[in-house]
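**Student:** My structure is below; once you've seen it, I'll send some questions.
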Amino acid sequence: MNATSIEDKILLLRLAFKGLEDDELAELAGLTEMKTYPACHVLCQEGAYEDVLYIVADGEIVISQKVMEGEEERVLRVGGRGDVVGEMALIQNAPRAASVRTTTICTVLEVEKQDFEVILSRSPRLAIDIIRITLDRIRSNDQRMIRDLLKTNKVLRQLDRNKLEFIQIAAHELRTPLTVLNGYIKVMRSFPETQTNPVLGEVSDGILKGAERIHEVVNMMLDLTRIGSEALEVASVPVPLRRIIDDLARSFDRITTQRNIQLTVHYAEGTPIILGDPALIDKALYQLIVNAIKYTPDGGKILITTRPTIIDHNTRGVEIAVKDTGIGLDAEHHDLIFEKFYQVGDVALHSSGKTTFKGGGPGLGLALVRGVARAHGGRVWVESAGHDEVHFPGSTFYMLLPLAPPNPTPKL
Ligand code: ADP
C-alpha cells in the first residue's frame, strides 16, 4: 500500500466510518498520518493520557485490559484492517481504558486529538459514527463481562458446594472420635481416684468442657449442611417466639451477670404468631445472642425486640432485632459476615471462649442464621455505624420471618 496516497487513506476511512460524505472523508484523510510499526508495539497504554486515534490499515492488533490490580491482562478482542482504536479516551478526556498492541507489523492512520475534535464538531455524521462504534464496543464488552460473570458464578457455586461437602465430611469424621472421647471421660470421672484428686478433677473438667465445645461446633456444622441441603424440610408449626427468646435470655443469665451485660427483651404489641420451625429459629436466635454477648464489652447492653412488620409488599411477618453496644462492624463486612467461615479481622488475634469478649468462633454462626431465615422465606441483615473499640457504636442484627414459610422450601 502506498503510504502517502490520499485515495488509500479515503478508502480506509470509508471502511472505518460508514456514511461519511466524500468531502468529509477527504478532509479527515488530510489530517491523518500513515505510520508503520513493528510487531509488539504498544499503540495505546492502559491508564495513560494519550492524544492519538488509530485506524488500522494493515496488520493485526490485540486489545487487552487489566480488570483488577495484580491480575493478568485479559484480551478483549483482536482487530485488523478498518478497526478504530483509541477513540474513547479522546472523547472522554480520560486515561486509556485498555491497551492496544500490534501483533504483526502494522500500518495505521493516526489522527491527533485536536484535528479529530475539529472534524468531529463539523461533521454530525462522523460524530454519529463514533457514537455507534463506541456503543457497539460497550455493548460487546458488557456481554463479555456478563458471560465472564456467569462463568465465575458457576465456579463459585461449585466451590460453595465443595465447602458444604467438606463441612459435612469433617463433622461426621469428628463426631465418632468425639463420642468415644466423651464416653472415656465419663468413665474416668466415675473413678473415685478422679473424684477425690482435685488435679485430676480439674483436668477431666477441662477435657469435658473442651469436648462439649467441639460437640457444639460439630453440631453447628451439621446444621449448616442440613440447611444448605436441598432436601431440607422446614416445619410449619406455630413458633412460640416469646418462650424461645425468654428461655434463651435466661440460659445466658450466668454469663451476662458475670460480664455485667444487661440483656433486655421487649415484645411490641401485635407481634404475630408465625408458623415455622421452632428448633431452627431457636438455633438462629441463639447465634445472634451469643454474638451480641461476644462482641460487646463487659458492662454493655443488649436489647432484643420483636414487632409486627411487612416483608416485601404484602407479606406480613415478624421482625426480630438484636441490638448491642459492642464493637460494631464496618460496612464492607455487612454482607460478607453471613458467608460460611467469614471472620472479621485477624483470626489469630481472637481470644478463645464462646462468650468471652471477642472470643473466637468458627465463623459459621451467621451463615446458619441466614440459612434459617432464607429457609423460612425471610432475610437477615446488620446495621452498624462501623467498627470502633473506643466508642463502641454497636450493631443491630435484624431477622425478618414471614407469617408462614413458603412452599416448597427455598434453597440456600
Ligand atoms: P464467629 O464464629 O466468628 O462468631 P459468625 O458467623 O457468628 O462467626 O460471625 C462472623 C463475624 O461477624 C464474626 O467473626 C464477627 O467479626 C462479626 N460479628 C458477628 N456478630 C457481631 C456483633 N454483634 N458485633 C460485631 N461483630 C459481629
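**Student:** Can you give me the % of accessible surface on region 234-402 that is carbon or sulfur? Probe 1.4 Å, all protein chains present, nothing else counted.
**Tutor:** 52
**Student:** Something else now. List the relative contact order of the chain as a percent without decimals, with contacts defined as Cα pairs under 8 Å and 6+ residues apart.
**Tutor:** 12 percent.
**Student:** A follow-up question, please. Among Thr104, Ile273, Gly300, which residue has its Cα furthest toward the positive end of the charge dipole of the chain, with +1 on Lys/Arg Cβ and -1 on Asp/Glu Cβ?
**Tutor:** Looking along the dipole axis, the top candidate is Ile273.
**Student:** May I pose another question? Please give me the summed charge of the neighbours of Ile55: other residues whose Cβ is under 10 Å from its Cβ, Lys and Arg +1, Asp and Glu -1.
**Tutor:** My count for the surroundings of Ile55 gives -1.
**Student:** Under the definition of Cα pairs under 8 Å and six or more residues apart, what whole-number percent is the relative contact order of region 6-122?
**Tutor:** Dividing the mean separation by the residue count of region 6-122 yields 37 percent.
**Student:** Quantify, in whole percent, the carbon and sulfur part of the accessible surface of region 153-227 (1.4 Å probe; protein heavy atoms only).
**Tutor:** Percent of accessible area from carbon and sulfur atoms in region 153-227: 63.
**Student:** If you roll a 1.4 Å probe over region 6-122 with all protein chains in place, what percent of the accessible area is carbon or sulfur?
**Tutor:** Carbon-and-sulfur percentage of accessible area, whole number: 52.
**Student:** Read phi for every residue in region 388-398 and hand back ³J(HN,Hα) as whole Hz from Karplus 6.51 cos²θ - 1.76 cosθ + 1.60, θ = phi - 60°, with x for Gly and Pro.
**Tutor:** 7, 8, 10, 9, 6, x, x, 9, 10, 9, 10
**Student:** Let me ask another. Compute the long axis of helix 124-190 from its Cα atoms, compare it with the longest principal axis of the Cα atoms of the chain, and write down the angle in degrees, 0 to 90, nearest 10.
**Tutor:** Between helix and principal axis, roughly 20 degrees.
**Student:** Under 8 Å for C-alpha pairs, at least 6 residues apart: give me the relative contact order for region 153-227, rounded to a whole percent.
**Tutor:** Relative contact order comes out at 47 percent.
**Student:** Can you list residues from other chains, or at least 5 along the same chain, whose modelled amide H is less than 5 Å from the amide H of Thr309?
**Tutor:** Amide H neighbours of Thr309: Gly317, Val318, Glu319.
**Student:** Quick one: which of 235-243, 189-197 comes out on top by average Cβ neighbours within 10 Å, and what's the full order, highest first?
**Tutor:** Packing proxy ranking, top to bottom: 235-243, 189-197.
**Student:** Can you give me the accessible area per residue for region 6-122, using a 1.4 Å probe, in Å²?
**Tutor:** 50
**Student:** Same structure, new question: Which angle between 0 and 90 degrees, to the nearest 10, do you get for helix 365-375 versus the longest principal axis of the chain when only C-alpha atoms count?
**Tutor:** It is inclined by approximately 80 degrees.
**Student:** Mind checking the per residue accessible area of region 229-276 for me, 1.4 Å probe, whole number of Å²?
**Tutor:** Accessible area per residue: 63 Å².
**Student:** Of Lys151/Lys283; Lys18/Lys151; Lys283/Lys358; Lys154/Lys209; Lys186/Lys301; Lys113/Lys154, which ones are farther than 32 Å apart at the Cα?
**Tutor:** Pairs exceeding the cut-off: Lys151/Lys283; Lys18/Lys151; Lys154/Lys209; Lys186/Lys301; Lys113/Lys154.
**Student:** For the chain, just run the numbers: alpha carbon Rg, then divide by 2.2 N^0.38 Å, N being how many residues it has.
**Tutor:** Here the answer is 1.50, to two decimals.
**Student:** How long are the semi-axes of the equivalent ellipsoid of region 124-178, taking √(5λ) for every eigenvalue λ of the Cα gyration tensor, in whole Å from largest down?
**Tutor:** Equivalent ellipsoid of region 124-178: 52, 6, 4 Å, largest first.
**Student:** Which one, Phe17, Phe341, Phe397, has the greatest fluctuation when you compute a Gaussian network model over the chain with C-alpha springs under 10 angstrom?
**Tutor:** Phe17
**Student:** Using θ = phi - 60° and the Karplus relation 6.51 cos²θ - 1.76 cosθ + 1.60, list the HN-Hα couplings for region 250-255 in order, rounded to whole Hz, with x at every Gly or Pro.
**Tutor:** Karplus values, whole Hz, x for Gly and Pro: 5, 5, 9, 3, 4, 6.
The values are calculated or read from the model by the stated rules, or taken from the named source; none is laboratory data. For clarity, every value in this text was computed on a predicted model and none was experimentally measured. Virtual Cβ from ideal backbone geometry, glycine too; neighbours counted across all protein chains shown. These accessible areas exclude ligands, DNA and RNA; they are computed on the full protein's heavy atoms, side chains included. Shrake-Rupley method; radii C 1.70, N 1.55, O 1.52, S 1.80 Å.
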